[in-house]
Amino acid sequence: MLSPVTNRDIFLDDALNGEATENGLNYHIDGHYDADKRVIYLHLLSAYDAGQLTGLCKKASDEMSQSGFLGSCHTMEQKHARALLYLFTVSHILLLVHPSSSFDISYVRLFRILESTRQKLQPHMTDLLQGLPISKDWALAARPCSPRVLFVFASSTLTNTPECGGSGNGGSGGMNGGPRQDGGPPSPRNQKVSSVKRLQHAIEDQIYRILRKARVITNISNNSLFAVPANQEFVYVHQKPLDTSDPVQFYIRQLTSHCTLYRSTDQPRSRSYQVNRRTNQMYSSSKNEPSLDPSTLPLNSDPVTSSNSSFQEFLWQHIELAQTKGFDDNLGRNPVPSLFELPTVEQWFLVCKELHTFFMVDQPESHAWPHFNTLRSLLEIDTRFSESRCAKVLPLAESTYQDSLPQHYTKSYHLNKLFQAKKVFVQHARGPASEKCLRQLEEDCEKLWHSGRQLCETLSLTGNHCLNELHRLPREGGGERGSEDTQGLPEMTHCSPFKTKAACNCGRTQGERDDPFSLKAANFDFYDALEKSCCGPLEHYKYAAFNYNDTNIPTTAEPKEDVVLSMATIASKVTMATMATSIGGTQSPKTRRDSASKFDLTHSLSLALSLGQSADSNSFGHDVPVSLTDERSHDLTAADDAQTDKPAMSSVKPAPPGGSEFLSGMMNANSPHGLVPKFPSWSLLSLGKYSSYSSTSGLDQPGLLHSSNFLLPWDVLVKAEKWPSVSENTTKKTKSRKSQKELSDVMVRSYFGLEYECPRGHRFFCSGPEKILKSTPGSCPVAVSKELTAHKLLTSDMPLYFPCHCRSSKGFVAQLMRVFVATPEAPISIELNARVQPAPTPCPTFHPDSDGPIPLPPGHIWVLRLPYIYLGENGPYLMPSDPQQVAACRILKGLFTIKEVQPLTQQG
């Protein structure tokens with residue numbers, strides 16, 4: 001646009017190729033000094049230029065993702081406003097270019113903001129200009145004059161066909177040729193003007209009324225941001241090129257215009273061929289149209305009618321006035337003298353250098369910096385509205401978070417409440433401040449949660465949260481030395497609101513079980529506490545453990561902290577009641593040593609005595625053949641009493657390899673060989689004598705359903721020695737010789753039962769993998785049905801979980817917790833081999849001991865208590881939520897092994 005004025009292409013590359021830099025928009029001001037005409041041209045490059053806007057659109061995705069659309073625009077607008085303040089301070093004339101022929105009303109608000117900011121910055125600029133070689137008035141006003149603003153519209157919807165033959169080059173006027181209001185310049189007398197000229201006059205009147213109404217311009221130009229001339233044109237509209245209907249005629253006119261030489265006395269020097277080629281006049285076909293100098297035509301535009309003046313003439317009239325008389329745009333009856341300084345190049349550059357740093361460089365330490373912040377606040381009116389709106393919504397969202405808030409809560413509950421608060425905030429908040437206030441909402445809610453409201457995030461082995469506030473464990477309770485982050489936390493143990501009811505190892509006592517947070521609390525501590533008051537004196541099988549301390553077992557000294565010793569499992573060696581002893585035979589000391597086991601018989605008590613039953617009752621139960629007499633039973637009872645009075649023989653099991661290493665979980669098929677757990681999770685003890693169990697009444701223990709408290713029988717045909725009866729006649733020869741024993745077939749009966757226990761303390765036995773053992777009132781299952789035996793228990797995989805018949809909507813599930821075995825005193829061997837798979841594969845198989853199957857001594861009722869929690873290397877194995885996977889949780893078949901043992905006979 002300025003190339004026809006300067007006769008050279010200036011700012012062309014910047015206008016067409018301006019792009020955004022990597023750090024943002026390339027805000028800068030380009031300059032051109034025309035020494036011949038003594039004019040300095042400045043060009044502001046900002047987002048309002050087409051080239052810069054194109055570059056911004058290329059990087060819009062990155063910019064918008066970080067600060068949003070309004071955030072990016074506000075940054076650009078603030079930089080653009082500061083650059084405009086600089087131009088209004090150092091310039092005499094400013095060109096405001098519009099892309100269309102309509103005035104952008106948003107400039108009114110921008111002009112008012114700039115004027116308010118300029119007045120606040122004026123004292124700081126005066127201090128900055130003190131000492132420079134300029135006049136005092138210039139330093140006080142901080143500008144050489146009140147600059148003129150010329151409005152240029154780059155396009156028009158009007159055609160270039162003249163409406164009359166008049167030249168129409170007079171001054172500006174109203175649409176109807178009347179005088180301008182408020183002391184404006186009079187309209188021209190000639191009413192016959194072109195449509196383009198009338199459009200310019202109408203736009204001038206419109207802009208003048210708007211600016212005066214908004215008090216952007218006043219009668220005293222020294223007090224305004226800028227001024228508009230009173231008697232000169234200040235609006236220029238570029239005309240639309242002529243439409244070419246005849247291509248041949250068009251090219252003939254182009255050829256004629258490029259080949260014709262013109263003489264111009266206005267130009268101080270000859271123009272180049274390229275400029276002449278672009279700006280030569282296109283002759284019109286009408287002979288009445290006068291010829292115009294090609295230099296007066298706009299660059300890269302087709303010729304227009306003679307009634308329109310060129311942009312060069314429009315601009316140059318203001319430049320010439322500034323170089324001669326200066327601007328005096330004050331109006332009114334008593335106008336004051338206007339300020340106008342025409343500096344030298346040296347003075348102007350000194351002032352521009354100081355003011356450029358003042359306006360274009362961020363200086364937060366400067367005294368003027370608060371005014372620039374005010375400028376930013378005034379420009380970001382939508383941001384201020386957004387901040388005001390969000391400030392009202394933020395307390396509402398915070399109250400939503402705090403509504404019905406418990407004293408302590410978990411992170412998941414906190415996130416849920418935070419989501420509700422965010423939802424309320426987003427529904428009411430608006431504008432670019434929403435994101436910032438949303439982050440503040442998150443910070444406030446996090447701060448409230450961390451200020452003593454955090455619930456302990458530790459989960460129990462059953463998947464429940466700890467009920468206490470965030471705390472640290474006591475060192476004696478398994479806690480480690482607290483870190484700096486946990487020093488201020490209270491010291492307490494974990495606690496869950498969920499409690500269950502469970503029986504002790506032998507099943508004779510029930511108690512409330514706290515939700516366990518450790519394997520030791522689940523499988524050892526609870527049962528150990530009940531054992532001290534119930535089943536502690538009973539006969540126990542001692543499983544191998546790393547550091548198992550029991551009040552009934554002698555142990556070594558407590559290991560030191562730096563050296564952890566492997567504690568050997570202490571087991572009492574007693575003479576097992578072999579098959580020969582069961583028929584009245586005797587054993588040698590060597591035989592007794594070979595048959596020693598890991599059972600502790602020093603504290604065995606007879607359950608029959610505690611229930612008031614006779615200890616010398618039939619040891620085979622109620623269905624034992626009469627061939628085994630009471631005399632033999634009396635002998636066995638006496639032998640048992642004699643063994644009980646003797647001191648128990650103890651032996652120390654060698655320490656497992658590995659030194660201070662032990663299993664972190666429970667022993668299973670994948671456990672390293674030689675390592676034992678730190679404590680036993682299983683329990684095997686003798687409930688009493690075999691004769692203490694009654695097949696008609698079953699077991700009398702708390703929690704057992706009355707219709708499901710019976711053990712299932714299993715009969716085995718064995719060879720037993722038969723003694724001659726008293727009624728048999730004997731000869732003297734026979735009496736003199738030692739009586740001989742005879743072998744006969746004897747049916748012996750053992751009893752088995754798998755007990756399930758639900759969280760409410762209900763207990764029952766199952767007769768098979770899919771059925772609960774039930775009996776009619778007043779009868780026992782053995783007497784009712786002879787087919788009801790322990791066959792399925794011996795030959796099938798039994799489920800680990802079974803639905804309980806609790807009258808509850810929750811549908812509690814019972815877990816296999818105990819295995820009962822009643823071993824008769826007969827020539828049979830019953831071995832117990834518990835292998836449990838608590839989850840679908842690849843879950844390992846858990847077993848209590850690495851010594852293999854455990855032979856159960858005869859004549860006792862044995863109870864194997866299974867673990868409550870099965871813990872492996874990957875954590876606890878809980879009951880699956882999928883019903884189809886529950887069937888994979890089972891205790892494997894082969895739990896019981898029954899073998900016949902040949903009895904020893906006496907030699908005559």
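The values are calculated or read from the model by the stated rules, or taken from the named source; none is laboratory data. Values in this document were obtained by computation on a predicted structure and should not be read as measured data. Positions of Cβ are backbone-derived with ideal geometry, glycine not excepted, and every protein chain shown enters the neighbour counts.
Summary table
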item: Tally, over segment 52-61, of residues that are closer than 14 Å to P99 by Cα and modelled with pLDDT under 70; result: 0
item: Boolean, G875 is farther than 27 Å from P759 by Cα, in the same structural domain as L687 (by TED's automatic domain parsing) and of a type in the set (G, A, S); result: no
item: Cβ-Cβ under 8 Å pairs, at least 6 apart or on other chains, segment 388-414 side over 11 Å from R453 (Cα atoms), far side part of a loop (DSSP other than H, G, I, E, B); result: R389/A429; R389/R430; R389/G431; C390/A429; C390/R430; C390/G431; V393/A429; Y413/P406
item: Residue list for segment 491-514, filter: farther than 22 Å from P848 by Cα, in contact with a Pro (Cβ under 8 Å, 6 or more places away or on another chain) and modelled with pLDDT of 90 or more; result: T500, K501, R508, T509, Q510
item: Hey, D182 of a type in the set (D, E) and either at pLDDT below 90 or over 25 Å from A154 (Cβ atoms) (or both) or not; result: yes
item: Residue among R82, R112 that alone is among the charged types (D, E, K, R) and crowded, with 19+ Cβ neighbours inside 10 Å; result: R82
item: Output for segment 342-377, where each listed residue is under 19 Å from D127 (Cβ atoms), in contact with a helix residue (DSSP H, G or I) (Cβ under 7 Å, 6 or more places away or on another chain) and of a type in the set (D, E, K, R); result: E354
item: Single residue of segment 220-237 satisfying the filter (farther than 20 Å from W138 by Cα and either free of Cβ contacts under 8 Å to residues at least 12 places away in the same chain or out of contact with any helix residue (DSSP H, G or I) (no Cβ under 9 Å at 6 or more places or on another chain) (or both)) that is surrounded by the fewest Cβ atoms within 10 Å (Cβ to Cβ); result: N231
item: Residues (under 39 Å from the mean Cα position of the chain (by Cα) and assigned to a loop (DSSP other than H, G, I, E, B)) located in segment 363-379; result: P364
item: Residue within segment 190-209 that is more than 23 Å from F311 (Cα to Cα), at pLDDT 90 or above and within 60 Å of the chain's Cα centre (by Cα) present; result: yes
item: Check on S172, modelled with pLDDT under 80, over 30 Å from F111 (Cα atoms) and crowded, with 18+ Cβ neighbours inside 10 Å; result: no
item: G488 outside any helix (DSSP H, G or I) and at pLDDT 85 or above; result: no
item: Residue, surrounded by the most Cβ atoms within 10 Å (Cβ to Cβ), within segment 873-894, restricted to residues that are free of Cβ contacts under 8 Å to residues at least 60 places away in the same chain and not in a loop (DSSP other than H, G, I, E, B); result: Y877
item: Strands (runs of 3 or more DSSP E) (entirely within segment 827-871) containing at least 1 residues that are modelled with pLDDT under 90; result: 828-832
item: Unique residue being outside the structural domain of R118 (by TED's automatic domain parsing), closer than 30 Å to L87 by Cβ, of a type outside the set (A, V, I, L, M, F, W, C) and surrounded by fewer than 18 Cβ atoms within 10 Å (Cβ to Cβ) when the list is R384, R439, R430, R389; result: R384
item: Exclusive hit being at pLDDT below 90, within 41 Å of the chain's Cα centre (by Cα) and basic (K, R), set R737, R807, R760; result: R807
item: Verdict on N523 being buried (at least 16 other Cβ atoms within 10 Å of the Cβ), at pLDDT 90 or above and in a helix (DSSP H, G or I); result: yes
item: Exclusive hit being in a loop (DSSP other than H, G, I, E, B) and in contact with a Pro (Cβ under 9 Å, 6 or more places away or on another chain), set P406, P343, P337; result: P343
item: Test: residue in segment 353-361 that is assigned to a loop (DSSP other than H, G, I, E, B), closer than 18 Å to A142 by Cβ and of a type outside the set (D, E, K, R); result: yes
item: Tabulated pairs, segment 295-324, first on the phi < 0 side of the Ramachandran plot and outside any helix (DSSP H, G or I), second at pLDDT 50 or above and small (G, A, S), C-beta under 7 angstrom, 6+ apart or interchain; result: L297/S310; P298/S310; L299/S3; T305/S194; S307/S194; N308/S194
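This table checks each residue for (1) surrounded by fewer than 19 Cβ atoms within 10 Å (Cβ to Cβ); (2) more than 46 Å from the chain's Cα centre (by Cα); (3) under 27 Å from S671 (Cβ atoms).
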| position | (1), (2), (3) |
| --- | --- |
| R818 | no, no, yes |
| A826 | no, yes, no |
| L832 | no, yes, yes |
| L871 | no, no, yes |
